[in-house]
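Here's the structure we're looking at; comments come further down.
The values are calculated or read from the model by the stated rules, or taken from the named source; none is laboratory data. Every value quoted in this text rests on a predicted model; they were computed, and no experiment measured them. No Cβ is skipped: glycine too gets one built from the backbone with ideal geometry, and neighbour counts run over all protein chains shown. Only protein heavy atoms, including side chains, enter the accessible area calculation; ligands, DNA and RNA are left aside. Shrake-Rupley method; radii C 1.70, N 1.55, O 1.52, S 1.80 Å.
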Amino acid sequence: MLAVAAVVFVLSTLGLALLVEPVPTWYYHLAWWSYIVAADDLNRHLSGRSLLRDRLAHFAWLAGVSVLWWALFELANLRLGNWYYVMSLPSLPWRWAAGVLAFASVLPGIVETLELLENLGVPHRVRVRPLAWPAGKERAVIALGLLCLVLPLLWPDVFFPLTWGSLVFLLEPWNRRHARRSFLRDLEEGEAGPLLRTLLAGLICGALWEAWNFWARTKWTYTVPGFEGLKVFEMPLLGFLGFPPFAVECVVFLRFLGGLRDRLSPPAVRAARALALAAGPVAVLAMFAAVDPVVVDSVYVPVARLDVVPPVVRARLQAAGIESPQQLLRAMARASDRADWAARTALPREELEEARARVELVAHRGLGLSRAHDLDALGIRTLDDLARWPADALAAAIAQRHPGDRRNRFLERRARVWTSGLGEPRAGGAR
């Protein structure tokens, strides 16, 4: 399994580098699931235990819970507006299926990474002063959890970081009394190793998530208020601080579910499973129906259907083997390349230059064809044109054209993503 996972990952990465379709669209899925399979096989070699080989039903349950778990954060993002998706699959069923496959990897990825660290003994034991846990402290922690849950919904621009870990304060006190494992019980015994391992697992998973997302075509992009500056991959640098507490939140949630299962009778467990199998898919579909019109800002369109480019130009480029915007931009990166392609396609150099500029705008920050149409109506046809517009004026102009478009809920934030790095807007740019 480890060899198969390695081969899939290497071939996928090679396909991404060479822009072999449809690998760029599916690269995140291929890379992340390859990692999960590889980590599982490493765990089998290190400990003799494997979720995929020995507990496949539990792994499937974990993946299903993961979809529902991440759906909660997608719904919260309707209020937070911290991320959106670009260059998504244009087919709605395929897009939602890709979403399910991606969401299903969240909890398995964290669990496999955590087990790998445990099997490697990193860190092995970390002794600390035993934690005192009186009743008053428990009440204060639960109250803090309620605040962390409510404040981001009331004032999302200020308190959005509290989303990543709020359930820890609400559920971990219950886990301390009822679950098989508990971070609080570990700390009461003076042992911080399990907590530190989980924090480290979250940081590792976060780095991998962001790395593979950055290189994929279909991806998420962040619009975190006040953190648009320094980024590592697509994530603002300080945003990486959210991954460790998120991993703790995931583990606390899973232990909470395990504790509930242990306290139910076998008939009640079977009834709960039947209810989850029946209601879970309905809940996920409802989530996608609510979220998709808001967070999916662009879909992938191949060069053959980019109608911002004249039909004859598209036809000749396609005949010459240019399928995706990324292929076109890579093939024509230099002036000498464009001269060669003008001769190869029998297109005037000026037409090819104009087509490249239009495609560059479509591909910029995953802006997409629909948004390129909006920009075209405002006289924006190149990145230089876009650089002349302040983000707030651009967002207002687009929103005025489409007053009922649900994507406009966080449009000014997205416009800041589009215009960032293009230089300061010049006076008179907005018109």
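Observations on the structure shown:
- Any chance Leu144 is in contact with a helix residue (DSSP H, G or I) (Cβ under 8 Å, 6 or more places away or on another chain), open to solvent by 60 Å² or more (accessible area, probe 1.4 Å) and farther than 24 Å from Leu208 by Cβ: yes
- Residues in segment 245-286 that are among the charged types (D, E, K, R), open to solvent by less than 80 Å² (accessible area, probe 1.4 Å) and more than 30 Å from Pro156 (Cβ to Cβ): 1 in all.
- Hey, Leu101 more than 25 Å from Asn408 (Cβ to Cβ), in contact with a Phe, Trp or Tyr (Cβ under 9 Å, 6 or more places away or on another chain), open to solvent by 20 Å² or more (accessible area, probe 1.4 Å) and at pLDDT 95 or above or not: yes
- Residues of segment 218-244 that turn out to be within 17 Å of the chain's Cα centre (by Cα), of a type outside the set (A, V, I, L, M, F, W, C) and open to solvent by 10 Å² or more (accessible area, probe 1.4 Å), as a count: 9
- Meets criteria (touching a Leu at 6+ places or on another chain (Cβ under 7 Å), free of Cβ contacts under 8 Å to residues at least 24 places away in the same chain and open to solvent by 20 Å² or more (accessible area, probe 1.4 Å)) for Arg338: yes
- Leading residue by the ranking (modelled with the lowest pLDDT) among those in segment 288-337 that are of a type in the set (D, E, K, R) and part of a helix (DSSP H, G or I): Asp337
- Just one residue in the set Ala39, Ala57 is open to solvent by less than 20 Å² (accessible area, probe 1.4 Å), more than 27 Å from Val362 (Cβ to Cβ) and out of contact with any Phe, Trp or Tyr (no Cβ under 9 Å at 6 or more places or on another chain); that residue is Ala39.
- Segment 369-384, subset farther than 13 Å from His402 by Cβ and of a type in the set (Asp, Glu), residue surrounded by the most Cβ atoms within 10 Å (Cβ to Cβ): Asp376
- Selection within segment 13-31 - assigned to a helix (DSSP H, G or I) and under 17 Å from Met87 (Cβ atoms): Gly15, Leu16, Val23, Pro24, Thr25, Trp26, Tyr27, Tyr28, His29, Leu30, Ala31
- The listed residue being buried (at least 20 other Cβ atoms within 10 Å of the Cβ), touching a residue at least 24 places away in the same chain (Cβ under 8 Å) and over 24 Å from the mean Cα position of the chain (by Cα), out of Ala346, Ala355: Ala355
- Selected residue [out of contact with any helix residue (DSSP H, G or I) (no Cβ under 6 Å at 6 or more places or on another chain) and of a type in the set (D, E, K, R)] from Lys219, Lys231: Lys231
- Qualifying residue in segment 270-282 (condition: under 27 Å from Asn82 (Cβ atoms) and free of Cβ contacts under 8 Å to residues at least 12 places away in the same chain): yes
- Unique match (being closer than 22 Å to Ala76 by Cβ and free of Cβ contacts under 8 Å to residues at least 40 places away in the same chain) among Trp155, Trp164, Trp96: Trp155
- Candidate set from segment 400-414 (those that are under 14 Å from Ser370 (Cβ atoms) and either in a helix (DSSP H, G or I) or of a type in the set (D, E, K, R) (or both)); member that is nearest to the chain's Cα centre (by Cα): Arg414
- Among the residues of segment 154-174, those that are hydrophobic (A, V, I, L, M, F, W, C) and outside any helix (DSSP H, G or I) comprise Trp155, Trp164.
- Taken together, the residues in segment 79-98 that are part of a helix (DSSP H, G or I) and open to solvent by 30 Å² or more (accessible area, probe 1.4 Å) amount to 7.
- Lone unmet requirement of (1) over 30 Å from Asp157 (Cβ atoms); (2) in a helix (DSSP H, G or I); (3) without any contact (Cβ under 8 Å) to a residue 24 or more places away in the chain for Val37: (3)
- Whichever residue in segment 180-200 is under 30 Å from the mean Cα position of the chain (by Cα) and assigned to a loop (DSSP other than H, G, I, E, B) and, among such residues, is nearest to Leu120 (Cα to Cα): Ala192
- Residues in segment 107-128 that are outside any helix (DSSP H, G or I) and open to solvent by 50 Å² or more (accessible area, probe 1.4 Å): 5 in all.
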